[in-house]
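Below is one structure; the comments refer to it alone.
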Amino acid sequence: MQSATLESWYKIERLSDDVTLICEQFIEPYYRCNIWHVRGRDRDLLIDSGMGVVSLRRQVALVGERPLLAVASHCHFDHIGNHHEFPDRAIHQDEADILANPTQHATVADVYAPKAMFLALPPGGYEQSAYRIEPAPATRLVNEGDIIDLGDRQFEVLHLPGHSPGSIGLWEKATGVFFSGDAIYDGPLSDQCYHSHIPTYLKTMDRLRTLKPRIVHGGHFPSFDGQRYVALIDQYLEGKRKMGCPRDSAAR
Ligand SMILES: [Zn+2]
Ligand SMILES: [Zn+2]
């Protein structure tokens, strides 16, 4: 397999609302994490950082220009690989230990990081067996209801466990922009990781159903509108109902 160049590894796409999508274009779509940059007045926001095989800070000028808080939607390898490059890092408290000590198992890299995930190999003689995530202890722990304030924009932290225990979304009520991590995106959702929990995921979906986003930027796959959002939630819930998945009595 051919190797990609440093310069071409990241693809950058400016969207509306001062949101920029950065992605690792030589990774298969299913494994390709969406890295989100949001411009704020006083500081910028980065949501997730890719798998860490090419420096995000060196290759993407946008993320090094201004003060920036690097948030992890959760601690799977494809989302936290470059967090160590940023001095200010935030994570939900339930996955703080993983960000500080990111083992292959805890980040699901042992299961989900095969060489087959690449369309072209990362530059510089990539060796699968040498792949590791750098520790990046958080400088800020966030929890449900916390506000991440960029000066002119405020994002509320929503705790969305199920895919993983410390999964979070960031909700900008004023604009209806929602960064949903891997809790919901427009593609096959995963509730089979070692620390996934389906009854908890069902409760999270019930909760997400009450939100009315204008646009959703997920952890993978293209962004989508509020109508598609409801359809995706219902599709998941319906699928689980058909399988007879047990629901906690507290849900619904
Ligand atoms: Zn994940
Ligand atoms: Zn992911």
Practice item. List every residue whose amide H lies under 5 Å from the amide H of residue 182, counting only residues 5 or more places away in sequence or on a different chain, with H placed 1.01 Å from N in the peptide plane. Key: 219
Practice item. Find which of 73, 56, 83 sits farthest along the positive direction of the dipole of region 6-243, computed with +1 on the beta-carbon of Lys and Arg, -1 on that of Asp and Glu, about the Cα centre. Key: 73
Exercise for review: Quick one: among 182, 78, 97, which has the greatest mean-square fluctuation in a GNM of the chain with alpha-carbon springs under 10 angstrom?
Suggested key: 97
Point to revise | From phi via Karplus (6.51, -1.76, 1.60), per-residue ³J(HN,Hα) for region 167-175 in Hz, x at Gly/Pro | key: 5, 10, x, 10, 10, 9, 4, 4, 10
Study note, to complete from the structure: Rounded to the angstrom and largest first, Cα extents along the principal axes for region 35-89 equal 30, 22, 17
Check your understanding: Which far-off residues, 5 or more places away or on another chain, put their amide H under 5 Å from the one on residue 27, with H placed in the peptide plane?
Key -> 119
Point to revise | In order through region 176-191: 3J(HN,Hα) via Karplus (6.51 cos²θ - 1.76 cosθ + 1.60), integer Hz, x for Gly, Pro | key: x, 8, 10, 9, 9, x, 9, 5, 8, 8, 8, x, x, 7, 10, 10
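Find, to one decimal place in angstroms, the Kirkwood hydrodynamic radius of the chain, where the mean of 1/r is taken over every pair of different Cα atoms and then inverted.
Details: mean 1/r = 0.0548 Å⁻¹.
Value: 18.2 Å, from the Cα pair sum.
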Practice item. Only Lys, Arg, Asp and Glu count, each charged at its Cβ (+1, +1, -1, -1), so figure out the dipole size of the chain about its Cα centre, rounded to 20 debye. Key: 480
Review point. When the chain is treated as a GNM, springs tying every alpha-carbon pair under 10 Å, which of 153, 241, 57 comes out with the largest mean-square fluctuation?
Key: 241
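State in Å² the accessible area per residue of region 6-243; use a 1.4 Å probe, count heavy atoms of protein chains only, and round to the nearest integer. The partial results should precede the final answer.
On the way: 9720 Å² over 238 residues.
So region 6-243 comes to 41 Å² accessible per residue, rounded to a whole number.
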Exercise for review: Give the percent of DSSP beta bridges with both residues in the chain that are antiparallel, rounded to the nearest 5.
Suggested key: 65
Practice item. Ratio to report: Rg/Rh of region 134-211, with Cα atoms as the point set and Rh obtained by the Kirkwood method; give two decimals. Key: 0.99
Check your understanding: Tell me, what ³J(HN,Hα) does each residue in region 131-145 have, in order and in whole Hz, if you take phi through Karplus 6.51 cos²θ - 1.76 cosθ + 1.60 with θ = phi - 60° and put x for Gly and Pro?
Key -> 5, 9, 9, 6, x, 8, x, 5, 9, 8, 9, 10, 9, 2, x
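Could you tell me what percent of the accessible area of the chain is made up of carbon and sulfur, with a 1.4 Å probe and every protein chain present?
Percent of accessible area from carbon and sulfur atoms in the chain: 50.
Could you give the C-alpha radius of gyration of region 1-147 expressed as a fraction of 2.2 N^0.38 Å, taking N as the number of residues it contains?
Working: Rg = 14.7 Å, N = 147, 2.2 N^0.38 = 14.7 Å.
Taking N as the residue count of region 1-147, the ratio is 1.00.
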Check your understanding: Build a GNM of the chain with springs between Cα atoms under 10 Å: which of 156, 24, 65 gets the top mean-square fluctuation?
Key -> 65
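The values are calculated or read from the model by the stated rules, or taken from the named source; none is laboratory data. Predicted model only: the values in this text are computed from it and were never measured. Methodologically, a virtual Cβ is constructed for each residue, glycine included, from the backbone with ideal geometry; neighbour enumeration extends over all protein chains shown. These accessible areas exclude ligands, DNA and RNA; they are computed on the full protein's heavy atoms, side chains included. Shrake-Rupley method; radii C 1.70, N 1.55, O 1.52, S 1.80 Å.
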